[in-house]
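A.B. asks: Pasting a structure below so you can have a look.
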Amino acid sequence: MPDKRREYALNAVLALGLLLVPLWAYWAGSPFTITVFTRIAIFALAAVGLNIALGLGGMVSFGHAVYFGVGGYVAGIAAQHAFNGETFLGIAGANQMLIIWPVAMIAAGLLAAVIGAFSLRTSGIFFIMITLAFAQMVYYFAISWPTYGGEDGLPIYVRNTFPGLNTMRPWNLFILCWCLLMLAIGAFALIRASRFGAALMAIRQNPDRVAAVGISPFGIKLAAFVISAMITGLAGALMADLSRFASPAAMAWTMSGELIVIIILGGTGRLFGPVAGAAVLVGFEVIFGGMTEHWRLWLGLVLLLTVLFARGGIVTLIAGRERLG
Amino acid sequence: MTAALLFEQFLNGLQFGLMLFLMSAGLTLVFGVMGLINLAHGSLFMIGAFFCAAAAGLTGNFWLGLAAGMAAAAAAGALIEVTVMRRLYTRDHLDQVLATFALILILSEGTKILFGPFPLYLDVPPLLTGTVDLGLTPYPLYRLALIVAGIGVALGLWLLIGRTRLGIRIRAGENDREMIAALGVNIRALYTVVFALGAALAGLAGALVGAVQSVQVGMGEPVLILAFVVIVIGGIGSIRGAMVGALLVGVIDTMGRFLLPQVFALFLDPSKASGAGAALASILVYLLMALILVIRPKGLFPVHA
């Protein structure tokens, strides 16, 4: 039982810390700090999405960056058409976040339905390689298709808007991202506690037994995969708006690796694992990236030692092995 | 478009496919024998290319460079196996992905520190410069040599696996590792040898390709991902599958990039045709992979473990 209380406390610290530090930065007038924390919140949101597929369902998707990238392109393409008045397959552009977010989620979800339908026919090492290959396919398509920037990506000249908020101000954008992150974590908790989540976790442990009691593993896994991609796609749309740039680099395979790293560093399947992992990864980049250009070498070493000797990630280190819920 | 041009592109595809085979053979061998997914295989390709370019630059001799590249990759492979991989054989694939992802970060930055941030260039050896007349078309001698070398290595590998004691042990290790350990084979040493062999093949591929492209950090990963496509098509663990998959991917990718823009030009205006053709060509091999997965989910030559 003390384990549970420690995890509740840790979760509260992470949720409030992520809110209070930027709030302090807002008063102290440090927009850079707010932007760093916005990045943490967005990466955490993307990883919460992947955590549904990977943490709950045991599906090691090495291509989740593609949904992150597609979300970004939805924001970029919508903004470009809203800007120049042209249409995308007859659909007018939009610069309203409340329109762009659902469209980004739907686009990522549809892509995940197609990719998942192929790759979920396999499992294990095949699944890892195939999700990677499909992500790479979309990546190469994006960089060789000249209409939307190709290799150069797509700039967003004016950040998309949210009713009642000036999204050009760092704090306003941050608070939007923080709220969406908390909503997604809430959704993750609901899914984990639901019958659907129970079936999903049972499939991770033993798909044959689940099939034997009359539940088809394929449908459950595909549904979880699509939900997972939709959340990651939403994060991608936010990231494009933060950097005011829809980049093909957002769907490069290294990004898929980083999303997995965030989850493992934080703690696989843990509610606030993605937040802890994203804070460590972004913090590492900001702190060590300022000291040495070879910070990736140190990140690699830390990661390697974590995998070899400290399994379970930060949340497990502090709150113990038992999962909540 | 002439038959000569088509033939030349086909040879280019063959050459690309054979280099992919050198990469895929090591990957599929390591997976078949040790059950390990190694993302850092592309880094071994890069190490081979860098050491070859640096040694050839120092000594002025391409062949010394080639030997240095292979030796460096094999040594790096053996070192990685002994220090890291050995701890991963019993872990799940997620841990393997993560640890080898970390190795990519370490090896890429390490290469940058050792050789500097700028690309290196490797000259084609004097013996293999110039072109040779193949009847239909003149063809660069070096690329022809790559094809011959690729076929030679493939034959050598086939003999090694099929005809030698080491090959017997490797095949036995694929089937039942506990049993061959019980029969007195030093399984740890065998794993190190297999890993170093795969690394040497990747290093050889990197060194050979280094003379026709620039040698730079990050050159290994695109090849690695294509090698994944190859072994998914061929069947994971199957050397024969890797050969068939590599040739399919090499030829289809090269021919697609050459032919598709011209096909699109028949019904689109030229500027749009080249863009659409290039975009479709870049995803062609992945579509092939998806198609093969639908028909044969375990690849063309499934290995029954």
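Laboratory data are not the source of any read-out in this text; all were calculated from the coordinates shown. None of these values were measured; they are calculated from a predicted model. For neighbour counting, all protein chains shown are included, and Cβ atoms are generated from backbone atoms with ideal geometry for every residue, glycine included.
A.B. asks: Give the dimensionless ratio obtained when the Cα radius of gyration of the stretch B:3-295 is divided by 2.2 N^0.38 Å.
C.D. replies: 1.04
A.B. asks: Search the structure for amide H atoms under 5 Å from the amide H of A:ALA310, placed 1.01 Å from N in the peptide plane, and list their residues when 5 or more places away or on another chain.
C.D. replies: Here the answer is none, since no amide H 5 or more places off falls under 5 Å of that of A:ALA310.
A.B. asks: Express the Stokes-Einstein translational diffusion coefficient of the stretch A:75-122 in µm² s⁻¹, to the nearest whole number, given a Kirkwood radius over alpha-carbon pairs, 4 °C and a viscosity of 1.567 mPa s.
C.D. replies: Details: Rh = 11.9 Å.
The calculation lands on 109 µm²/s.
A.B. asks: Now for a separate question. Of B:VAL124, B:PRO222, B:ALA75, which is farthest on the positive side of the dipole of chain B, counting Cα position, with +1 on Lys and Arg Cβ, -1 on Asp and Glu Cβ, and the Cα centre as origin?
C.D. replies: In chain B, that residue is B:ALA75.
A.B. asks: Step through the residues of the stretch A:214-227 one at a time and calculate ³J(HN,Hα) from phi using the Karplus curve (6.51 cos²θ - 1.76 cosθ + 1.60, θ = phi - 60°), rounding each to whole Hz and writing x for Gly and Pro.
C.D. replies: Couplings: x, 10, 7, x, 4, x, 5, 5, 5, 4, 5, 4, 5, 4 Hz.
A.B. asks: Give the cross-link partners of A:LYS4 among the aspartates and glutamates, using a straight C-alpha distance below 12 Å as the criterion and excluding same-chain residues fewer than 8 apart.
C.D. replies: Correct list for A:LYS4: A:GLU322.
A.B. asks: What fraction, in whole percent, of alpha-carbon pairs in the protein assembly as shown exceed 46 Å separation?
C.D. replies: 18
A.B. asks: Expressed in nm to one decimal, what extension gain is obtained for the pair A:LEU110 and A:ASN206 from 0.36 nm per residue of sequence separation less their Cα-Cα distance?
C.D. replies: Contour length minus the Cα-Cα distance gives 31.8 nm.
A.B. asks: Something else now. Name the residue farthest towards the positive end of the dipole of the protein assembly as shown from the options A:SER61, B:ALA172, A:SER228, assuming +1 on Cβ of Lys and Arg, -1 on Cβ of Asp and Glu, about the Cα centre.
C.D. replies: Checked the options; the winner is B:ALA172.
A.B. asks: Can you list the DSSP H helices in chain B whose Cα atoms extend at least 20 Å along the helix axis and whose mean Kyte-Doolittle hydropathy is 0.5 or higher?
C.D. replies: B:3-34, B:41-59, B:62-83, B:93-115, B:141-163, B:187-209, B:220-234, B:239-264, B:270-295
A.B. asks: Calculate the tail of P(r) for the stretch A:34-188: the fraction of all Cα-Cα distances greater than 24 Å, expressed in %.
C.D. replies: The share of Cα pairs beyond 24 Å in the stretch A:34-188 comes to 39 percent.
A.B. asks: Could you go through the stretch A:16-25 in sequence order and give the Karplus-derived ³J(HN,Hα) for each residue, using 6.51 cos²θ - 1.76 cosθ + 1.60 with θ = phi - 60°, rounded to whole Hz, and x for Gly and Pro?
C.D. replies: Once θ is set to phi - 60°, the couplings for the stretch A:16-25 become 6, x, 5, 8, 7, 4, x, 4, 4, 5 Hz.
A.B. asks: If you rank A:VAL213, A:VAL158, B:VAL217, B:VAL30 by fewest surrounding Cβ atoms within 10 Å, what's the result?
C.D. replies: Working: A:VAL213 8, A:VAL158 12, B:VAL217 20, B:VAL30 24.
Lowest to highest Cβ neighbour count: A:VAL213, A:VAL158, B:VAL217, B:VAL30.
A.B. asks: Over the stretch B:79-123, with a single point scatterer placed on each C-alpha, what log10 of the ratio I(q)/I(0) does the Debye formula yield at q = 0.13, 0.14, 0.33 1/Å?
C.D. replies: For the stretch B:79-123, the Cα-only Debye profile gives -0.41, -0.46, -1.15.
A.B. asks: Expressed as a rounded percentage, what relative contact order does chain B have, with Cα pairs under 8 Å and six or more residues apart?
C.D. replies: It rounds to 33 percent for chain B.
A.B. asks: What does the charge dipole of the protein assembly as shown about its Cα centre add up to, to the nearest 20 debye, if the Cβ of each Lys and Arg holds +1 and the Cβ of each Asp and Glu holds -1?
C.D. replies: 1580
A.B. asks: Now for a separate question. Let's see if you can work this out: charge +1 on each Lys and Arg Cβ, -1 on each Asp and Glu Cβ, no other charges. What is the dipole magnitude of the stretch A:2-319 about its Cα centre, in debye to the nearest 20?
C.D. replies: It comes to approximately 860 debye.
A.B. asks: Ignore the peptide's own chain and count Cβ atoms of other chains within 10 Å of each Cβ in B:289-295; give me the average, rounded.
C.D. replies: For peptide B:289-295, the averaged partner shielding equals 4.
A.B. asks: Can you give the FRET efficiency to the nearest 0.05 for A:ALA117 and B:LEU259, using r as the Cβ-Cβ distance and R₀ = 30 Å?
C.D. replies: Once rounded, the FRET efficiency stands at 0.55.
A.B. asks: Across the stretch A:47-56, in residue order, what do the Karplus-derived ³J(HN,Hα) couplings come to in whole Hz, using 6.51 cos²θ - 1.76 cosθ + 1.60 with θ = phi - 60° and x for Gly and Pro?
C.D. replies: These are the phi-based 3J(HN,Hα) values: 6, 4, x, 4, 4, 5, 5, 7, x, 7 Hz.
A.B. asks: Now, a different point. Okay, helix-only estimate at 222 nm for chain B: each DSSP H run of n ≥ 4 adds -39500 (n - 2.57), divide by all residues, round to 500 deg cm²/dmol; what do you get?
C.D. replies: It comes out at -25500 deg cm²/dmol, rounded to the nearest 500.
A.B. asks: Next question. Could you work out, residue by residue across B:220-232, how many beta carbons of other chains sit within 10 Å of that residue's beta carbon, and then give the average as an integer? List each step's numbers first, then the result.
C.D. replies: On the way: counts 0, 4, 3, 0, 2, 10, 2, 1, 9, 6, 0, 3, 7.
What the average comes to for B:220-232 is 4.
A.B. asks: Still on this structure: Based on Cβ point charges of +1 for Lys and Arg and -1 for Asp and Glu, what charge dipole magnitude is obtained for the stretch A:126-238 about its Cα centre, in debye rounded to the nearest 20?
C.D. replies: Details: 7 positive and 3 negative charges, 91 e Å.
So the magnitude is around 440 debye.
A.B. asks: Picking from B:THR100, A:THR316, A:ILE77, whose Cα lies most toward the positive end of the charge dipole for the protein assembly as shown (charges on Cβ: Lys, Arg +1; Asp, Glu -1)?
C.D. replies: My answer, from the dipole projection, is A:THR316.
A.B. asks: Add -39500 (n - 2.57) for each DSSP H run of 4 or more in chain A, then divide by its residues: what number comes out at 222 nm, to the nearest 500 deg cm²/dmol? Don't jump to the answer; show the numbers that get you there.
C.D. replies: Working: 13 runs with 235 residues, N = 325.
Only helices count here, giving -24500 deg cm²/dmol.
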